[in-house]
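Below is one structure, written out as C-alpha cells; the observations come after it.
Bear in mind that the values in this text are calculations on the coordinates, not laboratory data. Small disclaimer: the values here were computed from a predicted structure and weren't measured. Here Cβ is always computed from backbone atoms with ideal geometry, including for glycine, and neighbour counts include all displayed protein chains.
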C-alpha cells in the first residue's frame, strides 16, 4: 500500500507530537506543563481524525480486505480500536483540563498517557503488519 503524501505528513506530525508528549511527561507537573500538554493533546486530537479520513478514503485497510477477505474481522477490530484510542485521548485531555490542581492528578495522567502512547504506536504497528501480511499473502499466491 503506497502512502499518499498527505497521510505521510499527518503520520509524521503524530509521531512528532508523541515525542513532544513524552518530553512533557518528563517535565515538572506545573501549570505551564499542563498548558503545553493541552496544546499537544489538542493537536493530536485534530490530527487523528485527519489521518483516519485519509486512511479511509477508499475504506479502512481496504487493500487488506480486497487481498484477504477473510481478514475482514481483523480489520474491523483494528478500526474499532482506533476509535477507542481516539475517545480515550479525549478523556485524558479532559483530565488535564479539569485537573484544577494539575500536580495532584499529574502522576496518574502521566501513567495513562504513557499507556495510551504505547497502545497507539502498537496500533500503527498492527496496521502495518496486517498490510504487509496481506501483500505477502497476495504475492505468494495464497489469495
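Within region 85-105, is even one residue farther than 24 Å from residue 18 by Cα, part of a helix (DSSP H, G or I) and touching a residue at least 40 places away in the same chain (Cβ under 8 Å)?
no
How many of the residues in region 10-63 are part of a loop (DSSP other than H, G, I, E, B) and touching a residue at least 40 places away in the same chain (Cβ under 8 Å)?
3
May I ask you to verify whether residue 80 is free of Cβ contacts under 8 Å to residues at least 40 places away in the same chain, touching a helix residue (DSSP H, G or I) at 6+ places or on another chain (Cβ under 7 Å) and under 20 Å from residue 131 (Cβ atoms)?
Details: free of Cβ contacts under 8 Å to residues at least 40 places away in the same chain: yes; touching a helix residue (DSSP H, G or I) at 6+ places or on another chain (Cβ under 7 Å): no; under 20 Å from residue 131 (Cβ atoms): yes.
Taking the combined requirement at face value, the residue does not satisfy it.
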